[in-house]
Structures are given as C-alpha cells and as structure tokens.
1. For the chain, calculate the relative contact order in percent as a whole number, restricting contacts to Cα pairs under 8 Å that are 6 or more residues apart.
2. Are there chymotrypsin sites (Phe, Trp or Tyr not before Pro) in the range 38-69 that DSSP marks as loop and that have at most 11 other Cβ atoms within 10 Å, and which are they?
3. Check cross-link reach from K55 to the lysines: straight Cα distance under 27 Å, and skip same-chain residues fewer than eight apart.
4. Towards the positive end of the charge dipole of the chain, with charges on Cβ (+1 Lys, Arg; -1 Asp, Glu), say which of A18, N147, G86 has the farthest Cα.
5. With a 1.4 Å probe and all protein chains kept in place, how do R22, R33 rank by accessible area, largest first?
6. Which order do W27, W88 take when ranked by solvent-accessible area (1.4 Å probe, heavy atoms of all protein chains), largest first?
7. Accessible area per residue of the chain at 1.4 Å probe, in Å²?
8. Given the protein chains as shown and a 1.4 Å probe, how many square angstrom of T150 are accessible, to the nearest 10?
Amino acid sequence: MDPMNTTQSGMPESEAAAEARRLIDDWAAKPVRHHPTSFRDETEPPAFGTTPPVKQDDQRIVPAWAAGIAVASVGVGAGVTGIGCGAWLVLQGLASVTLNGVLMVTLPFAGLAMAATAVGGAVSKARSAVTKNVFEGPVTHHTEIHNNSTTRGAFFARTRNEIR
C-alpha cells in the first residue's frame, strides 16, 4: 500500500491538521540545547606566589630555514621591484628618442668600432709571417685492405664482413 497515493485517509482532514499542529507545538515547546564551543576561565590569576617560574622551551612555530627563505624572498622581491623601476625609467627615456638623438649617441661607438677594426687589421698584417713549407723527398701512400665476406642463411641471410 502506497501512503502517498491512497484514496482513503486514516483520519479526517480537520483531525490530521489538529494532530500536525499538536506535534509542531510539542516540538517548539522543548528547549534548544546549546553546546559551548569555547571556555574562558574568568578567575583572576594571583599577583604573586611561592611557585617559582617554569622554564618555557623554545618551540617556534616557523622553522629557521623557512624564516630565512621568507626573508630572502622579500629581498629578491624588493630587488626585482628596483630593477623594474629602473627599466621603466629607461624605457620612458627611450620612448622620447628621435633619430638625431640616436645618431648622436651611437656616433662615438661607431667611431670607436671603426678605429678598433683598423688597428686590428694593421696588427694582423704585421704579425702574419711569410712561411713557405717546401717538402723534398718521395711521398708514398700504402693502403692494404683484406675483406672476408661470408653469408649464412637463405631467407633471413646474414652477411659478415671482416676488414683488416
């Protein structure tokens, strides 16, 4: 029997509504139980006493290597920020560059490169010695090859070459 699809109910509509109202009122009348999630001791600690102080062991939350890495990463971040600001300033300056300005800045470098090339060419010519190697006497070339070739098999043949 399916309680959701019944044609006859066990009690009349008014009686069912009264029972539902009674169950809801009964549930609402019960007190709600609260469970504390924390506790604070409100008693005042004594100002002085006979108990000597207790040594507290050094238990750091962060290990020393992690603190070192954190300090190093802050330093790297500050350095990269400085490099970024410097690059921004350089690029801001390059953004206002004209052709005449570029030519005037690169002219000394081009002159220096031309002078270095001329000096290098002169030094290279001065250092190049004139040598003539003349070989006198017979030249012989001796090559001897011994080749032994053997083939074994018919369908999957294997050829072995031995060169001595």
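1. On the way: 26 pairs, mean separation 12.4, N = 164.
Relative CO of the chain lands at 8 percent.
2. Passing sites in the range 38-69 are F39, F48.
3. Counting by Cα, and skipping residues close in sequence, K55 has no lysines nearby.
4. N147
5. Heavy-atom accessible area, descending, gives R33, R22.
6. W27, W88
7. 103 Å²
8. Estimated to the nearest 10 Å², T150 gives 80 Å².
The values are calculated or read from the model by the stated rules, or taken from the named source; none is laboratory data. Small disclaimer: the values here were computed from a predicted structure and weren't measured. Neighbour counts run over all protein chains shown; Cβ positions are idealised from the backbone, glycine included. With ligands, DNA and RNA removed, areas are computed over all heavy atoms of the protein, side chains included. Shrake-Rupley method; radii C 1.70, N 1.55, O 1.52, S 1.80 Å.
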